[in-house]
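Participant: Let me give you the structure first, and then I'll get to my questions.
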Amino acid sequence: MSSQEFTEAAQYLTFTLDEEQFALQISKVREVLDYTTITRVPRMPVFMRGVINLRGNVVPVIDLRLKLGLPPIEKSADTCIVIVEIVIDGELLQMGALADSVQEVISLDPEKISPPPKIGTRVNTQFIRGMGKQDNDKFLIILDIDRVLTYNELDAVHESKQVQSTNGADSGFEIAM
């Protein structure tokens, strides 16, 4: 991603994962929830923690730490679920992402955002939109949430949920896809 792709100041929700600062475009964030019970779904990838009931809809929840190659999240009083809208294969879907804590909403001017580094990060750079420089000279990693999950990974959750509904394990829910 080139720095020319950031042409105007944008707002970002900042959060922490494994003591690192990350950010998501605020336009992708629907809401932030306190940690709640997550129902495990059998035979899912290890980063897929399960699903939650969000106002009658089944929303898949991932452990962003695991998906990004970091150690698994350890639940604390600050752990939360960030509900995001992602586009996979042209389809708008809701997904929950576990975060150690949510910090604040900030504005970043384009000149404070650099392309992702080619080497030297602990995170796979295919998920990174850019590196934002904060006023305190610290960098934050701006994630491209649309690239975190593939359609096949989310489709596996959808198929598993349909099997559970057919068996009566989870009646009354609809997958938020």
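The values are calculated or read from the model by the stated rules, or taken from the named source; none is laboratory data. The model shown is predicted, which means the values in this text are computed figures rather than measured ones. So basically every Cβ, Gly included, is an ideal-geometry build from the backbone, and we count neighbours across all protein chains shown.
Participant: Being in contact with a helix residue (DSSP H, G or I) (Cβ under 7 Å, 6 or more places away or on another chain) and modelled with pLDDT of 90 or more: is that true of Ile113 here? Please lay out each step first, then the result.
Facilitator: Details: in contact with a helix residue (DSSP H, G or I) (Cβ under 7 Å, 6 or more places away or on another chain): yes; modelled with pLDDT of 90 or more: yes.
In short, yes.
Participant: Just to check your reading of the model, which residue among Arg65, Arg43 is at negative phi and outside any strand (DSSP E or B)?
Facilitator: Numbers: Arg43 fails: at negative phi.
Checking each option against the conditions leaves just Arg65.
Participant: Which one is farthest from Thr16 (Cα to Cα), of the residues in segment 82-102 that are out of contact with any strand residue (DSSP E or B) (no Cβ under 7 Å at 6 or more places or on another chain) and part of a strand (DSSP E or B)?
Facilitator: The first filter runs over segment 82-102 and keeps only residues out of contact with any strand residue (DSSP E or B) (no Cβ under 7 Å at 6 or more places or on another chain), leaving 87-91.
Add one more test, that the residue is part of a strand (DSSP E or B), and what stays is 87-88, 91.
Values: Val87: 23, Ile88: 25, Glu91: 28 Å.
That would be Glu91.
Participant: If a residue has to be within 13 Å of Thr79 (Cβ to Cβ) and not polar (S, T, N, Q) to count, how many in segment 8-51 make the cut?
Facilitator: The total comes to 9.
Participant: From the list Leu66, Leu93, exactly one residue is surrounded by 14 or more Cβ atoms within 10 Å (Cβ to Cβ) and modelled with pLDDT under 90. Which is it? Reasoning before the result, please.
Facilitator: Details: Leu66 fails: modelled with pLDDT under 90.
Answer to the check: Leu93.
Participant: Which of (1) part of a loop (DSSP other than H, G, I, E, B); (2) closer than 16 Å to Leu149 by Cα is the odd one out, the single condition Glu74 does not satisfy?
Facilitator: (2)
Participant: Looking only at segment 50-84, how many residues end up being hydrophobic (A, V, I, L, M, F, W, C) and closer than 18 Å to Leu143 by Cα? Give the derivation first.
Facilitator: Here is the first cut: in segment 50-84, the residues hydrophobic (A, V, I, L, M, F, W, C) are 51-52, 54, 58-59, 61-62, 64, 66, 68, 70, 73, 77, 80-84.
From what is left, the residues that are closer than 18 Å to Leu143 by Cα are 61-62, 64, 66, 68, 70, 73, 80-84.
Of the residues in that region, 12 qualify.
Participant: Moving to a separate point now. What are the residues in segment 13-32 that are more than 12 Å from Gly132 (Cα to Cα), hydroxyl-bearing (Ser, Thr, Tyr) and either in contact (Cβ under 8 Å) with a residue 60 or more places away in the chain or in a strand (DSSP E or B) (or both), if any?
Facilitator: Thr16
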